[in-house]
1. Please go through the stretch 187-222 and give me each residue that is free of Cβ contacts under 8 Å to residues at least 40 places away in the same chain and either assigned to a loop (DSSP other than H, G, I, E, B) or in contact with a Ser or Thr (Cβ under 7 Å, 6 or more places away or on another chain) (or both), ordered by number.
2. Kindly provide the set of residues from the stretch 133-153 that are within 13 Å of the ligand (Cβ to nearest atom), more than 13 Å from the chain's Cα centre (by Cα) and under 27 Å from residue 59 (Cα atoms), ordered by number.
3. List every residue pair whose Cβ atoms sit under 6 Å apart, with the two residues 6 or more apart in sequence or on different chains, where the first one lies in the stretch 104-117 and is touching a residue at least 24 places away in the same chain (Cβ under 8 Å) and the second, anywhere, is open to solvent by 50 Å² or more (accessible area, probe 1.4 Å) and acidic (Asp, Glu).
4. Does the stretch 201-240 hold any residues that are among the hydrophobic types (A, V, I, L, M, F, W, C) and more than 17 Å from residue 154 (Cβ to Cβ), and which are they?
5. I'm checking my understanding of the structure. Among residues of the stretch 5-25 that are more than 19 Å from residue 178 (Cβ to Cβ), modelled with pLDDT of 95 or more and open to solvent by less than 20 Å² (accessible area, probe 1.4 Å), which one is nearest to the ligand (Cβ to nearest atom)?
6. Condition first: in a loop (DSSP other than H, G, I, E, B) and outside the structural domain of residue 197 (by TED's automatic domain parsing). Can you find one or more residues in the stretch 109-121 that meet it?
7. Assuming residue 137 fulfils every condition listed in (1) over 20 Å from residue 26 (Cα atoms); (2) open to solvent by 10 Å² or more (accessible area, probe 1.4 Å); (3) β-branched (Val, Ile, Thr) apart from one, which condition is it?
Amino acid sequence: MNPPTPSTITIDGPAASGKSTIGELLARHLDYLYFDTGVMYRAVTWAALYYGVPIDDEAAVTALAERLRIDVAPPNVDDGCDPVDGRDPVDGRQYTVLADGADVTWEIRTPAVNAHVSPVSAYPGVRRAMVAQQRRVAAGGRVVMVGRDIGTVVLPDADLKLYLDASVEERARRRWREVRARGEETDYDAVLGSMRRRDDIDSNREDSPLRVAADAIVLDTTDMSVEAVLAETERLVEGGGWTAE
Ligand code: CDP
């Protein structure tokens, strides 16, 4: 008999450690829902900048997070063009992110959002609003949920918890290549500096800091290819490298 498959899988880790690439591929392999919680914090940050809410006004940013409507939908819902391998063949998006109905899929990836997303995510009221929505998304199981605090806070009873890590230099190289592949100009040192600042805030904030859950399996992907990380995660999922309750 095959071992049972974990129904709720969490992947946490710092920026550009490979969470979203692996999360999407693993979810597709299992035919599970893939949900990247980072887009929610990014959408709140984008909205604060767009509506002119000062980032350091905790009460106003929290009120915005509580009322903002965030939708994450499969790509190409209405452009009449079928996704290839789950991605939009036209612009490579994994999903479409709507904030109050506006398509902000790429706007949430700008340097301005990168620079402000960690302070916004450190506000407890913002986290409360986002976590409630994330738990609703995961309630049905068959989900791969990706973020910073998914195994520790959002879904502490998840069946399988993974933590992906890599050196900050390697992570900055990956992010630099991603941005260049989208045709945008960027400077490696700027990407590295912004990533270090984000790591620092995410790891040292009081509410739900980036931590390895006690029961998580840690993979250092610094010298691993995407294929190697995927093979290892599939082995853990299918080989019973976890325990069902
Ligand atoms: O893609 P990348 O790893 O650069 O970042 P992300 O996963 O999109 O997350 C952006 C930011 O949102 C992080 O730097 C955290 O500050 C915050 N975040 C969080 O606090 N908790 C989560 N579960 C996910 C993201």
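The values are calculated or read from the model by the stated rules, or taken from the named source; none is laboratory data. Just so it is clear, the structure is predicted and the values come from calculations on it, not from any experiment. Here Cβ is always computed from backbone atoms with ideal geometry, including for glycine, and neighbour counts include all displayed protein chains. SASA here: full protein model, heavy atoms, side chains in, ligands and nucleic acids out. Shrake-Rupley method; radii C 1.70, N 1.55, O 1.52, S 1.80 Å.
1. Answer for the stretch 187-222, where residues must be free of Cβ contacts under 8 Å to residues at least 40 places away in the same chain and either assigned to a loop (DSSP other than H, G, I, E, B) or in contact with a Ser or Thr (Cβ under 7 Å, 6 or more places away or on another chain) (or both): 187, 214.
2. Residues satisfying the conditions are 133, 135, 137, 152, 153.
3. none
4. From the stretch 201-240, those among the hydrophobic types (A, V, I, L, M, F, W, C) are 201, 210, 212-214, 216-219, 224, 226, 228-231, 236-237; that's our starting set.
Selection gives 201, 217, 218, 219, 224, 226, 228, 229, 230, 231, 236, 237.
5. Here is the first cut: in the stretch 5-25, the residues more than 19 Å from residue 178 (Cβ to Cβ) are 5-10, 12.
In the following step, the residues that additionally are modelled with pLDDT of 95 or more were identified as 8-10, 12.
Keeping just the survivors that are open to solvent by less than 20 Å² (accessible area, probe 1.4 Å) gives 9-10, 12.
On the way: 9: 14, 10: 10, 12: 7 Å.
The residue in question is 12.
6. From the stretch 109-121, those in a loop (DSSP other than H, G, I, E, B) are 110; that's our starting set.
Cutting the leftovers down to outside the structural domain of residue 197 (by TED's automatic domain parsing) gives us 110.
Yes, because at least one residue in the stretch 109-121 is in a loop (DSSP other than H, G, I, E, B) and outside the structural domain of residue 197 (by TED's automatic domain parsing).
7. (1)
Let's see how each residue does on (1) more than 14 Å from the ligand (Cβ to nearest atom); (2) open to solvent by 20 Å² or more (accessible area, probe 1.4 Å); (3) over 24 Å from residue 177 (Cα atoms):
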{"residue": "44", "(1), (2), (3)": "no, no, yes"}
{"residue": "50", "(1), (2), (3)": "yes, yes, yes"}
{"residue": "118", "(1), (2), (3)": "no, no, no"}
{"residue": "123", "(1), (2), (3)": "no, yes, yes"}
